[in-house]
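**Student:** One structure coming up, written as structure tokens, with questions to follow.
Rule-based calculations on the coordinates, nothing more; no lab input. Here the structure is a predicted model, which means the values were calculated and not measured. Positions of Cβ are backbone-derived with ideal geometry, glycine not excepted, and every protein chain shown enters the neighbour counts.
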Amino acid sequence: MAVFIQSRREALRLLSATAAVSIVPPAWGAKGTTIRTVSGSIPASSFGFVLPHEHVMVDFIGAQKTNRSRWNPDDVVAVMQPYLLAAKQRGVRGFVDCTPAYLARDPLVLKKLALGTGLHILTNTGYYGDAKGLYLPPSVQNETATRIAARWLAEWENGIEDTGVRPGFVKIRVDGLAVAPTRMSEMDDKLLTAAAMVNNKTNSAVICHSPGPSGLSAALRFAAKGGDPGKFVVAHCDDNGVDLNQQIAVAGSWVSIDAIGRKTEAEHLSIVMPILQKSPRQLLISMDSGWYHVGEPGGGKIYDFNALSDRFLPALRRAGVTAAEINRLTVENPARVFAL
Ligand SMILES: [Zn+2]
């Protein structure tokens, strides 16, 4: 049984706790050992090969117009299930759905897909802020971080809306100021503060959509607000460049290279290898794929979840990455970051 240490803080806590007594690995169910899927909790050791950033469905019409009447859940399940099964055939066991509230997060669709495929599927709480505020109801814009965190924690405890499905992580988006992406807007700051509050109470991972320099600022801000940097995932780091990604890792957070399949294998190798060599325990890879587009007939063009298994993992092997290193990247790292 693997014992994962979540953070420097936890390492210190473990050290002081074990100073006087012998080291006893925590039982499953203790902190850091369970993953919360849409179908309930599982041991982190059963999570398996995980795609840590994907989307079953997305609706980009905006918070004021999106609602459940805009899609037929059965149609979404019928269209998307074969894609999930194709991923499963390739060895995938865990699927982290990163579609947030007000962009067609539908826990019941995910639950049906989990039942139909046997995959461990996660959904999220949190808000997708953006500079124009398109994906948040105006009422949220004026709320305090504490009020926002209380709503996310209510979902965490009681489930999302009336579905009874509980989220397994927090998903946010912050952009930084339009004129200075390394500086956080008031809304960004509230979302990061609320995420830190929820992380403190639940040990949940926080995935933050924030490509470019705002990602590092977000990670630092989250930690300054008391969040555990070892649970903070900066999403969409593919075009950040080696230095910025290294700084995110040095800050103690996760670098998520999640557009595998959208560049050549050689291009993505040049992005992934430097992180793999210096900070292998802070790297996640995924495809940001799928996307049943609400509003388009049959969900429009769907992107499969196969590029990572079919093309990129073989490219890593050809580049000399060992089976153990690939296992750490695709199995151990996701288990560590999503374990509660
Ligand atoms: Zn995404």
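**Student:** Need one number: nm distance between label points at residue 39 and residue 310, each 7 Å from Cα along Cα→Cβ, rounded to one decimal.
**Tutor:** That separation, rounded to one decimal, is 2.6 nm.
**Student:** Just report the Cα centroid separation between segment 218-243 and segment 64-98, whole Å.
**Tutor:** With segment 218-243 and segment 64-98 each reduced to a Cα centre, they are spaced 28 Å.
**Student:** Calculate for the chain the 222 nm mean residue ellipticity that helices alone would give, adding -39,500 (n - 2.57) per DSSP H run of length 4 or more and normalising by residue count, nearest 500 deg cm²/dmol.
**Tutor:** Roughly -11000 deg cm²/dmol at 222 nm, from the helical runs in the chain.
**Student:** Counting DSSP beta bridges with both partners in the chain, what percentage is antiparallel, nearest 5?
**Tutor:** Taking every DSSP beta bridge within the chain, about 15 percent pair in antiparallel fashion.
**Student:** In nm, give the distance between the simple-model label positions of residue 319 and residue 277, each being 7 Å from the Cα along the Cα-to-Cβ direction.
**Tutor:** 1.0 nm
**Student:** Related question: Of the listed peptides 37-44, 103-110, what is their order by residue-averaged count of other C-beta atoms within 10 Å, with the highest listed first?
**Tutor:** By packing density, highest mean first, the sequence is 103-110, 37-44.
**Student:** Given 190/231; 111/171; 65/171; 111/201; 111/231; 88/112, which pairs have Cα atoms separated by over 23 Å?
**Tutor:** 111/201; 111/231
**Student:** Going by the alpha-carbon gyration tensor, a ≥ b ≥ c the square roots of its eigenvalues, is the chain rounded (a/c under 1.5) or, if a/c is not under 1.5, prolate (a/b greater than b/c) versus oblate?
**Tutor:** Rounded is the answer for the chain, as its axis ratio a/c remains below 1.5.
**Student:** Which of 244, 134, 174 sits closest to the plus end of the dipole of the chain, meaning its Cα is farthest towards the positive end, when Lys and Arg get +1 and Asp and Glu get -1 on the C-beta?
**Tutor:** 244
**Student:** Read phi for every residue in segment 329-340 and hand back ³J(HN,Hα) as whole Hz from Karplus 6.51 cos²θ - 1.76 cosθ + 1.60, θ = phi - 60°, with x for Gly and Pro.
**Tutor:** With coefficients 6.51, -1.76 and 1.60, one gets 5, 9, 10, 5, 4, x, 4, 5, 6, 8, 5, 9 Hz.
**Student:** With a Förster radius of 30 Å, plug the Cβ-Cβ distance of residue 186 and residue 68 into 1/(1 + (r/R0)^6) and report the FRET value to the nearest 0.05.
**Tutor:** Once the sixth-power term is evaluated, E becomes 0.50.
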